[in-house]
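Contents: one structure, followed by commentary.
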Amino acid sequence: MDQYVTYHNDYHVLICRQHAFGLSPDYVERHFRESHKTIPIEIRKKIVHYSKTLDLWQSERVNNIAPTFVPIQGLHIISGLKCDYFDCKELRSTEISMEKHCRDNHGWKGKDGRQWSEQKMQVIFPSLKRKYFTYFEIINLDIFQ
């Protein structure tokens, strides 16, 4: 089972190892039926059965959890942007999206310059309901020794 999926206890999400994203409870069977046709059907059935034994949460509930800022094993780490206005800390994946956020929420205008910075982050669900979580890198661990 570990070859195909990983269960993350803190976020109550099943992660597809090949695609590196979370699967909502009502999407597990469909995902493996449509995206993993090379996996024998008996194994796919076992994965679906296994998923039903877990306490899986819908994306809305998972996205409301305060992030732990520890990388979620099995998910890609991507480069994104973090809003620097006041204490906003909104995360977005593109400059256009961040400009829209800043304009709509903070009255930002182009002449104000960049009010955001680069941020490593992860996303659990690759849908319109996605939410980004920050990922902090410690560049040099020697400073703690």
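Residue 24 - would you say it is in contact (Cβ under 8 Å) with a residue 60 or more places away in the chain and either over 15 Å from residue 122 (Cβ atoms) or charged (D, E, K, R) (or both)?
Spelling it out, residue 24 is indeed in contact (Cβ under 8 Å) with a residue 60 or more places away in the chain and either over 15 Å from residue 122 (Cβ atoms) or charged (D, E, K, R) (or both).
Go through the stretch 51-74 and give me each residue that's surrounded by 14 or more Cβ atoms within 10 Å (Cβ to Cβ) and in contact with a helix residue (DSSP H, G or I) (Cβ under 9 Å, 6 or more places away or on another chain).
Across the stretch 51-74, the qualifying residues are 51, 56.
Scan the stretch 31-48 for residues that are surrounded by fewer than 12 Cβ atoms within 10 Å (Cβ to Cβ) and not in a loop (DSSP other than H, G, I, E, B) and report the count.
Total satisfying the criteria: 3.
Looking at (1) at pLDDT below 85; (2) over 21 Å from the mean Cα position of the chain (by Cα); (3) not in a loop (DSSP other than H, G, I, E, B), can you tell me which one residue 87 breaks?
Looking at each condition in turn, residue 87 falls short on (3).
The values are calculated or read from the model by the stated rules, or taken from the named source; none is laboratory data. Because the structure is a prediction, the values reported are computed rather than measured. Please note: Cβ atoms are built from the backbone with ideal geometry, for glycine as well, and neighbour counts cover all protein chains shown.
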